[in-house]
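The values are calculated or read from the model by the stated rules, or taken from the named source; none is laboratory data. Model, not experiment: these values are computed from the prediction. With ideal geometry, Cβ positions are generated from the backbone for all residues, glycine too; neighbour counts draw on all protein chains shown. SASA here: full protein model, heavy atoms, side chains in, ligands and nucleic acids out. Shrake-Rupley method; radii C 1.70, N 1.55, O 1.52, S 1.80 Å.
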Amino acid sequence: MNYTKELLEKDRVKFTVEVSAEEWKDAITEAYNKTKNKYQIEGFRRGKAPRRVIESVYGVGVFFEDAMDIILPKTYGEILDKETELFPVDSPEIDIDAVSDSTFKYTATVQLKPQVKLGKFTGLEFVKKVKEVTDGDVDAEIKQALENAGSWEPVKDRAVADGDKTLIDYSGSVDGVKFDGGTAEKQTLVIGSHTFIPGFEEQMVGMNVGETKDIKVTFPEDYHEKSLAGKEAVFTVTVHEATVKVVPELDDESVKDISECDTVDEYKKSVRDRLAAQNEEKADEELENSIIDAVADASEAEIPECMIVEESKRKIDEFSYQLQYQGLNINDYYKFTGSTEEDLLKRYHDSSAKAVKYRLVMEEVIKQLPAIDVTDDEIMAYLAEQLGEAAKEYKTVSDVPPQYADYAKSILTTKKVFAYLKENNTVKTEKA
């Protein structure tokens with residue numbers, strides 16, 4: 001195989017490739033051996049007809065397409081193995097220039113990772129704003145902790161009230177006709193959670209355990225199921241159980257149950273310290289965002305559309321995983337919202353372009369810095385922190401799955417880059 005390379009505008013490269021006659025003939029032979037069972041030739045059992053016989057019936061080029069499928073990835077891969085300074089970011093556009101039983105020539109044009117003209121990244125000034133922890137913040141955190149520690153106790157001697165958790169059956173109908181999704185048994189519903197159609201939960205207040213009642217509601221005009229939007233419905237509801245949440249009082253005994261502290265004062269101090277650490281961490285993240293924003297804004301890079309689309313698809317995959325945790329899938333989302341993948345690609349376009357540029361700028365910053373070394377000990381320490389007990393099965397870095405080790409190294413490298421940037425820029429700390 002021989003090839004020439006031509007660098008084009010907008011970080012593209014074109015390879016003009018001439019495959020040797022021997023390589024091309026070998027590819028045709030391989031294509032014949034892989035596909036000969038497809039051809040039924042009179043006088044021969046399926047798969048037993050000689051290549052020249054099949055070519056005489058179907059034409060000399062009968063195996064060319066399959067041979068191309070063999071030779072193209074092989075030769076293109078060999079080119080990339082040689083051109084180690086080039087970094088394609090998309091599949092190549094292939095044009096066939098010549099093809100015969102002894103000749104195969106093609107051109108492959110591919111988008112490369114764009115060049116970055118890095119702007120100033122040291123000697124800048126930034127403000128780190130740290131939010132102060134107030135008594136109200138501490139009280140709210142403690143209130144939530146006590147709420148989480150509460151237990152649900154059966155309601156006695158009263159009707160259902162706001163805040164109760166109920167177990168109900170319901171069956172809904174519109175104009176006397178039941179509709180899909182309108183019937184359920186032993187459904188949990190917290191009154192006041194606004195989980196159901198507006199007006200439904202409010203009308204359950206005052207019902208008693210064992211009682212059945214008809215509840216009339218109107219579906220919102222923007223309801224996701226268009227056939228029900230704006231319609232009046234009747235739900236027949238039966239209450240099987242009702243429980244109320246009992247929240248413990250704040251005292252030394254409850255503190256021992258919800259923390260590792262022994263007294264209220266000790267617990268309040270630990271909460272304040274934890275919130276202060278969280279505020280510090282958040283301020284540090286915002287500072288890092290400000291730094292990369294400034295460096296990226298000062299840098300130039302023409303981001304190819306293929307990289308933006310790839311990043312957008314990654315975001316869609318991430319969103320799809322989040323939906324799965326909620327018991328949905330991406331197709332459900334498209335159905336309920338009346339949207340498509342194309343709509344999501346458009347929604348994510350600008351943020352994806354920004355994310356790609358930031359990544360490229362960070363890579364360029366790393367190239368400009370003194371060599372950043374991440375040791376095996378640092379990787380093992382990071383994995384121990386992140387994985388806890390599960391990390392104990394790894395004695396050395398060589399025991400760690402490559403994807404874990406690579407991820408840890410990437411995170412630690414980024415941390416060291418930002419440490420350098422903070423040290424080499426002026427950072428003023430203020431109270432938010």
Percent accessible area from carbon and sulfur atoms, region 252-395, protein chains only, probe 1.4 Å: 46 percent
Accessible surface of region 138-223, 1.4 Å probe, proportion on carbon and sulfur as whole %: 47 percent
Mean Cα-pair separation over length for region 171-317, i.e. relative contact order, pairs under 8 Å, 6 or more apart, %: 15 percent
Unsatisfied cross-links (Cα-Cα over 27 Å) in the set Lys14/Lys74; Lys129/Lys313; Lys131/Lys256: Lys129/Lys313; Lys131/Lys256
Dipole moment magnitude, nearest 20 debye, region 1-48 about Cα centre, only Lys, Arg, Asp, Glu C-beta charged: 460 debye
Mean residue ellipticity (222 nm) of the chain, computed from DSSP H runs ≥ 4 via -39,500 (n - 2.57), nearest 500: -15000 deg cm²/dmol
Per-residue ³J(HN,Hα) for region 34-49, Karplus 6.51 cos²θ - 1.76 cosθ + 1.60, θ = phi - 60°, Hz, x for Gly and Pro: 7, 10, 4, 5, 6, 9, 9, 10, 4, x, 10, 5, 4, x, 9, 5
Nearest 10 degrees, 0 to 90: helix 64-82 Cα axis against the chain principal axis: 80 degrees
Accessible area per residue in Å² at 1.4 Å probe, computed on region 365-432: 69 Å²
Taking region 60-173 and dividing mean pair separation by its residue count, relative contact order in percent (alpha carbons under 8 Å, at least six apart): 16 percent
Prolate/oblate/rounded label for region 328-432 (Cα gyration tensor, a/c 1.5): oblate
Rounded to 10°, Cα long-axis angle of helix 341-368 versus longest principal axis of the chain: 70 degrees
Region 159-215 versus region 285-355: alpha-carbon centroid distance in Å: 38 Å
Charge context of Lys245, other residues only, Cβ under 11 angstrom, K/R +1, D/E -1: -2
Residue among Phe121, Ala108, Gly181 farthest towards the positive dipole end of region 61-184, charges placed on Cβ: Phe121
Dipole of region 346-432, positive end: most advanced residue of Val427, Tyr348, Ser410 [Cβ charges, Cα centre]: Tyr348
Cα gyration tensor, region 123-281 - rounded (a/c under 1.5), prolate or oblate: oblate
Computed accessible area, Leu323, all protein chains, 1.4 angstrom probe, square angstrom: 10 Å²
Cα shape, the chain, gyration tensor, a/c 1.5 rule: oblate
Accessible-area order (highest first, 1.4 angstrom probe) of the listed residues Arg52, Arg272: Arg52, Arg272
Length-normalised contact order for the chain - Cα pairs under 8 Å, 6+ apart - percent: 17 percent
Peptide ranges 74-83, 289-298 listed from the most packed, as the mean C-beta count within 10 angstrom indicates: 289-298, 74-83
On Cα atoms only, tilt of 264-297 relative to the major axis of the chain in degrees: 30 degrees
Whole-Hz ³J(HN,Hα) from phi, Karplus 6.51 cos²θ - 1.76 cosθ + 1.60, for region 193-210, glycine and proline x: 7, 6, 7, 8, 4, x, x, 5, 5, 4, 7, 7, 4, x, 6, 10, 4, x
